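Presented below is the structure to which this report refers.
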Amino acid sequence: MYDPPGYVWAITLADVIAFVLSTCLVLYGGAVRAGLGRRRAALLAGGAALVLGGWCAASAVIANHGWYHTRLGHGVPWMPVAAVAFLGLLLALRQIPMVARALAAPGMVSRLEIPHAFRVGGVAFVITMALGHLPALFALPAGLGDIAAGIAAPLVAFRLAQGTGRHAALWFNAFGMTDLISALTLGALTAYHLINVTPSGAPISELPLALIPTAAVPLLFALHITSVSALVRAPRTPLPATAPLAAAAK
């Protein structure tokens with residue numbers, strides 16, 4: 001079993017928690033701006049925290065039992081199954097009326113980019129590679145791609161909040177989704193030994209890194225899809241919105 005240093009645990013767990021909390025905060029702000037009231041907004045944020053946090057905890061238990069660590073042809077590949085199922089659940093939950101109203105709130109196109117800022121935590125992949133525990137074939141594209149997305153996200157959110165940057169935001173979301181798909185593909189190829197590399201990608205299917213593909217990636221992908229949908233529906237010349245971080249906190 002892979003036993004990473006404490007700081008890798010800290011970076012990974014802080015990253016996953018930041019994704020969950022920032023998403024809940026964004027939903028809360030959207031609900032308030034949609035006129036749902038602070039009580040219903042808090043209920044929505046709490047429900048989101050329960051769903052997201054509950055799955056993170058469940059995925060951690062699954063990983064701790066070693067159920068993600070499976071070779072293809074030797075049992076069910078639970079990691080991709082879990083990731084796809086959680087993504088499907090998140091996309092389905094968008095149809096709940098309260099959620100749909102929050103996601104359609106004014107200025108939501110900028111706030112939806114906020115959680116991606118924490119993708120700078122992808123540095124954990126690069127650090128783990130430097131320690132000799134992950135293959136460069138996976139760690140470099142996944143880690144550097146996430147870091148780039150994390151740096152770009154606040155800039156994109158700021159421009160959208162000013163009423164500009166729609167095309168840049170579409171390109172950002174396209175890049176972000178490509179990065180996630182690339183990381184999942186390379187992670188599967190190395191973790192399931194479809195490509196023989198040294199070291200193997202086995203640590204991806206163990207704690208704490210397993211939380212990234214099974215919990216964080218589906219959440220980020222759902223945010224990308226929702227963001228693109230909001231950008232497509234948004235007026236070409238939207239009115240300036242308040243700064244995204246301040247608006248999300250209201």
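The values are calculated or read from the model by the stated rules, or taken from the named source; none is laboratory data. All figures in this text were calculated on a predicted structure; none of them were measured in a lab. Cβ placement follows ideal geometry from the backbone for every residue including glycine, while neighbour counts extend to all protein chains displayed. With ligands, DNA and RNA removed, areas are computed over all heavy atoms of the protein, side chains included. Shrake-Rupley method; radii C 1.70, N 1.55, O 1.52, S 1.80 Å.
When you scan region 189-207, do you find a residue that is part of a helix (DSSP H, G or I), open to solvent by 20 Å² or more (accessible area, probe 1.4 Å), modelled with pLDDT under 95 and more than 30 Å from Ala161 (Cβ to Cβ), even just one?
Among the residues of region 189-207, at least one is part of a helix (DSSP H, G or I), open to solvent by 20 Å² or more (accessible area, probe 1.4 Å), modelled with pLDDT under 95 and more than 30 Å from Ala161 (Cβ to Cβ), which makes the answer yes.
Select from region 32-53 the residues that are buried (at least 16 other Cβ atoms within 10 Å of the Cβ) and among the basic types (Lys, Arg) and write down the one among them that is nearest to His65 (Cα to Cα).
Checked region 32-53; the qualifying residue nearest to His65 (Cα to Cα) is Arg40.
I'd like to verify a number: residues in region 1-31 that are open to solvent by 60 Å² or more (accessible area, probe 1.4 Å) and either touching a Lys or Arg at 6+ places or on another chain (Cβ under 8 Å) or in a loop (DSSP other than H, G, I, E, B) (or both), how many?
2
Does Leu89 qualify as being of a type in the set (A, V, I, L, M, F, W, C) and within 13 Å of Leu223 (Cβ to Cβ)? Talk me through it step by step, then tell me what you get.
Values: of a type in the set (A, V, I, L, M, F, W, C): yes; within 13 Å of Leu223 (Cβ to Cβ): no.
Taking the combined requirement at face value, the residue does not satisfy it.
Can you name the residue in region 208-245 that is part of a loop (DSSP other than H, G, I, E, B) and open to solvent by 30 Å² or more (accessible area, probe 1.4 Å) and, of all such residues, is modelled with the highest pLDDT?
Kept after step one, since they are part of a loop (DSSP other than H, G, I, E, B), are these residues of region 208-245: 208-210, 234-243.
Subsequent filtering for residues that are open to solvent by 30 Å² or more (accessible area, probe 1.4 Å) retains 235-240, 242-243.
Working: Pro235: 68, Arg236: 62, Thr237: 51, Pro238: 44, Leu239: 44, Pro240: 47, Thr242: 47, Ala243: 46.
Going through the qualifying residues, I end up with Pro235.
At pLDDT 95 or above, closer than 18 Å to Pro213 by Cβ and among the basic types (Lys, Arg), is that true of Arg94?
no
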